[in-house]
Amino acid sequence: MGLTMFTNLLSLVIWAPIVAGLLVLATGGDQRAGLARWVALVGSVASFLLSLPLYTSFTDLHGGMQFEEMRPWIEALNINYHLGVDGISMLFVVLNSFTTVLVVLAGWQVIEKRVAQYMAAFLIMSGLINGAFAALDAILFYVFFEAMLIPMYLIIGVWGGPRRVYASIKFFLYTLLGSLLMLVAFIYLSRQTGSFEIASFHDARLAMNVQVMVFIAFFLSFAVKVPMWPVHTWLPDAHVEAPTGGSMVLAAITLKIGAYGFLRFALPIVPDACHYFAPAMVALSLVAVVYIGLVALVQTDMKKLVAYSSISHMGFVTLGMFMFSGTQLNAWAVEGALIQMVSHGFVSAAMFMCIGVMYDRVHSRNIADYGGVANKMPIFASFMMLFSMANAGLPATSGFVGEGMVVLGAVQVNFWYAFLAATTLIFGAAYTLWMYKRVLFGEVANSHVADMKDVNKREFLILAILALMVLGMGLYPQAFISKMHFSVNDLIAHVAQSKLVDH
Amino acid sequence: MNWSDLNLMLALPEVVLLLAILAILLIDLFIPEDRKSVTYGLTLLTLVGLTAVQIVGFPAAPATTFSTMYISDPLASVVKIAMYAATFCVLVYGRQYNAARGMERGDYYTLTLFALLGMNVMVSASSFLTLYMGLELLSLALYALIAIQRDSMPGVEASMKYFVLGALASGLLLYGISMVYGATGTLDIATVARAIHAGNTNALLLTFGLVFLVAGLCFKLGAVPFHMWVPDVYHGSPTSVTMMIGAAPKLAAFVFILRILVQGLDALAVHWQGMLVLVSILSMLIGNVTAIAQTNIKRMLAYSTISHMGFLLLGVLAATPEGYSAALYYAVVYVFTSLVGFGILLVLSRKGFDCEKLSDLAGLNQRNSWYALLMLLAMFSMAGIPPMAGFYAKFAVISAVAHIGMVPLAVFAVLMSLIGAFYYLRVVKVIYFDAAEDNNEITVAGDIKLLLSLNAVALLVFGIVPDRLIEVCFAAVKQSLVLM
């Protein structure tokens, strides 16, 4: 296809940040922290530039996998090193590489102890996440999926807040539980199909009781990652204790892997079970949207508030993915869910960045410790205004597009689904803007706030880039939708076919 | 005995090893106390030489000698090479520790080599008699090694416990062997297998004997409900000896099981499969749950060993070539992972201080981030988190049981590995998240640091490119076990 120059592009995108991470680690102790920072920045920018051809050279004229790479990995166990991206996963590889640059910048001055280890953990994790999105072999996916727990565990535990140890162990064990059961499901499926290729799993014909078991395994694995109500409790803990960069990556990327898992594994492999469980999935998603939205309203800790708002927004994503009319998935809802995932990647990263900026000055995340920040930090306040609006789903921001599409899709399926989902436009606005009002507006509340200085160049750069993306995506979502269109159609056509064994 | 078929070349490694031991015993007598490094060097040289002999004479197919008492096959050779490497690591990692405690004596080295000889004989036995001989030689050497610090009360106590319980286990084994002999009229493993397949044996007597054999084997392996000695022996022995017990003997015990259950009694697989399912479930459960409650790392690693033996047995009880290969791979990976874990404990110990408690590791990342990283690799490998080698080991045994339709057992095993992950994570937590209490400088000789680093990094490298090692294990099992 004339893409020979890109034959190893995905491998490069996966391994470049990992190698960069090892280089950063090799710079040694904190006496050479400056060097570590620069190596990390160069590494992350290079990785991002490498990932750009994935977007620009991705042809949106047909579906299927592109940039495929395939070589045997463990022949004795029939496992291949098989990579490739479709219109869905490609976006997340690029988004992840992009976020990593911001994370490195966000930790530039803030992280003072063990800088090399901090930067290295993020770079290595970035490579592993790219691997998880690009893997087309189930075990290869699992290896990347699990391996990223290690750097995240260390990031929360070493650089996190006061209850970091509890949060990090909870994070690790929660996510491990689900993924171990998924591993058993993979082994079972490979027994049925004779290989670990995800594509061959897609073609497997399975009896209903088997589909139900496999679905439960997938559900436990991915629902914890998304996270869906009621297995969401690790997220607020992890977010609150994680450093700013950790929160950005958690919200922007790792949550998306859970939702991506539903799209890549659950829906195409066990469509009949998905159809069977769709009402339950919709119910759980709506609980997340409505109930968690209300929970967010009463938070006194800004990071917790944004964490709960993430859960609520991710409820939209799972809602959109399980909008069946008959056996047919609703195309609007699925595409809306995907757009919502990308948009949430930008908006949540931006929100955590904003909170990080304030935290670095006052060392508190409590809403009550702030007030009148806008008087001291006008530039920052304008940025945060934009991001708060996006978080509330205001039109012309990226937050609106995804939510709007999911609600439109839901109307076609069931009015009440759409009605309940649309309440988020009220609750979302309520908790975000109310927080904004209490923190930014009013009189200067105390001497700490009076001492606050407006954003420096580094912070300005990060916020400006994010603001561009949020606005750009809100005004021209077609740039993203066109890339994913064929892949979504393929998925919907695939899911519509029953895979029950003929008797 | 028929001497015409005696082919000493097949048993060359054992011959060389025995001659080397005798030579070292003699030479050591003329070496003054302060120059025991000569004995140390000679011992390492012996191991290197043995590895070379083993590789050069790597057999393409099974062949027997000593009137079919001894077998040389790829399985034995692969395991022996792994045992030489493991023993090499044990000696290197333990050198400083032993020297600081007055254990660097000639008898330490000769006893280690005698234990190795016993294991070699076990691994290459093709008769119940040779199996038993090898096992006793190994056990005797270990009893003495555990009590090598004569004035150490815990050491002597551990040695006595191990001796009494080990003798009991040997008795059970012998009793089982005698019943198999009574039913089949032979001690030769291949002939036993043929006799049972021919069908004119007393089934009741055989099954009865099998129960005693499995009990004895589980005893030696340290699997529940015959595990009581493991924590006390691990805890009481000097750490360098604990490391020794946890390394090569596990490999030998594994082959011991293959020789008896698979090569000899595979016709009774239905019976031993059921017993091993029970033993495996209990080992994983009790090993993992009890490990959580430990504050002493040596005890924690002892319980973790028990749970690992449960996982290892998953591969055996699958009773398929795939399962045996997976179990062999598991054993090899486990041994080299535990070597790193104990190696770090040795590195952190110094004269008058044994690193034993979990809190002794606190803040290791601040004190020395390299050793912290090595321990992290070992712990995640034990927990079976990719991309460490330990993941593929767990994956292989779990997929072996899933493939014979025991999906509930596979689910149970992954849940147990979740519990296991908790206490391995706790070690990482103590190393990375806690503040250092002990700020003594860590002084380690360059050779120890180099080998330990290679060993730990190998866990990661074999996790990223696991193909070769898995291939070797699968080929060894396929070429060695002639399944009926």
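Key figures for this structure:
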| read-out | value |
| --- | --- |
| Checklist (1) at the interface with chain A (Cβ under 8 Å from one of its Cβ atoms); (2) surrounded by fewer than 18 Cβ atoms within 10 Å (Cβ to Cβ) applied to B:Ile464, failing item | (1) |
| Matching residues in the stretch A:328-350 - criterion: being closer than 17 Å to A:Ala278 by Cα, of a type outside the set (S, T, N, Q) and open to solvent by 10 Å² or more (accessible area, probe 1.4 Å) | A:Ala331, A:Trp332 |
| Yes/no for A:Ala207 being more than 7 Å from every other protein chain (Cβ to nearest Cβ), among the aliphatic types (A, V, I, L, M) and closer than 23 Å to A:Leu9 by Cβ | no |
| Unique match (being open to solvent by 20 Å² or more (accessible area, probe 1.4 Å) and more than 10 Å from chain B (Cβ to nearest Cβ)) among A:Arg163, A:Arg191 | A:Arg163 |
| Residue ID - nearest to B:Gly134 (Cα to Cα), chosen from residues in the stretch B:73-96 that are open to solvent by less than 10 Å² (accessible area, probe 1.4 Å) and not hydrophobic (A, V, I, L, M, F, W, C) | B:Lys80 |
| Subset of the stretch A:368-403 [crowded, with 24+ Cβ neighbours inside 10 Å, small (Gly, Ala, Ser) and not in a loop (DSSP other than H, G, I, E, B)] | A:Ser388, A:Ala390, A:Ala392, A:Ser398, A:Gly399, A:Gly402 |
| Close pairs from the stretch A:167-185: first at negative phi and at the interface with another protein chain (Cβ under 10 Å from one of its Cβ atoms), partner open to solvent by less than 10 Å² (accessible area, probe 1.4 Å) and charged (D, E, K, R), Cβ under 6 Å, at least 6 apart | A:Ser179/A:Glu146 |
| Some residue of the stretch A:72-82 being open to solvent by less than 10 Å² (accessible area, probe 1.4 Å), assigned to a strand (DSSP E or B) and touching a His at 6+ places or on another chain (Cβ under 8 Å) | no |
| Among (1) touching an Asp or Glu at 6+ places or on another chain (Cβ under 9 Å); (2) more than 24 Å from B:Ile148 (Cβ to Cβ) - the single one B:Thr239 does not satisfy | (2) |
| Subset of the stretch A:144-155 [open to solvent by 10 Å² or more (accessible area, probe 1.4 Å), within 7 Å of another protein chain (Cβ to nearest Cβ) and within 18 Å of the chain's Cα centre (by Cα)] | A:Ile150 |
| So A:Val158, is it more than 10 Å from every other protein chain (Cβ to nearest Cβ), touching a residue at least 40 places away in the same chain (Cβ under 8 Å), open to solvent by less than 30 Å² (accessible area, probe 1.4 Å) and assigned to a helix (DSSP H, G or I) | no |
| Residue among B:Val427, B:Val414 that alone is without any contact (Cβ under 8 Å) to a residue 60 or more places away in the chain, in a helix (DSSP H, G or I), under 24 Å from the mean Cα position of the chain (by Cα) and within 27 Å of A:Tyr166 (Cβ to Cβ) | B:Val414 |
| Flag for A:Ser44 being buried (at least 23 other Cβ atoms within 10 Å of the Cβ), more than 30 Å from A:Phe201 (Cα to Cα) and modelled with pLDDT of 85 or more | yes |
| Residue that is farthest from A:Asn446 (Cα to Cα), among those in the stretch A:312-365 that are of a type in the set (S, T, N, Q) and not in a loop (DSSP other than H, G, I, E, B) | A:Gln328 |
| Subset of the stretch A:114-142 that is open to solvent by less than 10 Å² (accessible area, probe 1.4 Å) and at the interface with chain B (Cβ under 8 Å from one of its Cβ atoms) - its residue that is farthest from A:Val93 (Cα to Cα) | A:Ile139 |
| Which numbered condition B:Phe114 misses (of (1) open to solvent by less than 20 Å² (accessible area, probe 1.4 Å); (2) under 14 Å from B:Ala20 (Cβ atoms)) | (1) |
| Residues being open to solvent by less than 10 Å² (accessible area, probe 1.4 Å) and more than 14 Å from chain A (Cβ to nearest Cβ) - total across the stretch B:328-345 | 11 |
| The stretch B:359-374 - residue that is within 27 Å of B:Ile306 (Cβ to Cβ) and either at pLDDT below 90 or not in a helix (DSSP H, G or I) (or both) and, of those, most open to solvent (accessible area, probe 1.4 Å) | B:Ser359 |
| Selection count, the stretch B:395-443, where residues are within 11 Å of another protein chain (Cβ to nearest Cβ) and over 30 Å from B:Ala318 (Cα atoms) | 8 |
| Enumeration of residues in the stretch A:339-367 that are hydroxyl-bearing (Ser, Thr, Tyr) and closer than 19 Å to A:Phe92 by Cα | A:Ser343, A:Ser348 |
| Number of the exception - A:Asn446 against (1) open to solvent by less than 40 Å² (accessible area, probe 1.4 Å); (2) of a type in the set (S, T, N, Q); (3) at pLDDT below 85 | (1) |
| Test: residue in the stretch B:197-220 that is touching a residue at least 40 places away in the same chain (Cβ under 8 Å) and closer than 28 Å to B:Tyr97 by Cα | yes |
| Residues that are surrounded by fewer than 24 Cβ atoms within 10 Å (Cβ to Cβ), in a helix (DSSP H, G or I) and in contact with a Ser or Thr (Cβ under 8 Å, 6 or more places away or on another chain), drawn from the stretch B:375-408 | B:His403 |
| Flag for A:Leu491 being closer than 20 Å to A:Phe92 by Cβ and in contact with a helix residue (DSSP H, G or I) (Cβ under 9 Å, 6 or more places away or on another chain) | yes |
| Members of the stretch B:285-306 that are closer than 17 Å to B:Thr242 by Cβ and part of a helix (DSSP H, G or I) | B:Gly287, B:Ala291, B:Ile297, B:Lys298, B:Arg299, B:Met300, B:Leu301, B:Ala302, B:Tyr303, B:Ser304, B:Thr305, B:Ile306 |
| Elements of type helices (runs of 4 or more DSSP H) contained in the stretch B:138-247, each with 3 or more residues being of a type in the set (A, V, I, L, M, F, W, C) and under 16 Å from the mean Cα position of the chain (by Cα) | B:203-221, B:229-236, B:239-246 |
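The rows are residues; the columns are (1) buried (at least 24 other Cβ atoms within 10 Å of the Cβ); (2) within 18 Å of the chain's Cα centre (by Cα).
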| site | (1), (2) |
| --- | --- |
| A:Phe265 | yes, yes |
| A:Pro268 | no, no |
| A:Tyr276 | no, no |
| A:Lys303 | no, yes |
| A:His313 | yes, yes |
| A:Phe316 | yes, yes |
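The values are calculated or read from the model by the stated rules, or taken from the named source; none is laboratory data. Computed from a predicted model, the values in this text were never measured in an experiment. For neighbour counting, all protein chains shown are included, and Cβ atoms are generated from backbone atoms with ideal geometry for every residue, glycine included. Areas reflect the complete protein model, heavy atoms only, side chains present, ligands, DNA and RNA absent. Shrake-Rupley method; radii C 1.70, N 1.55, O 1.52, S 1.80 Å.
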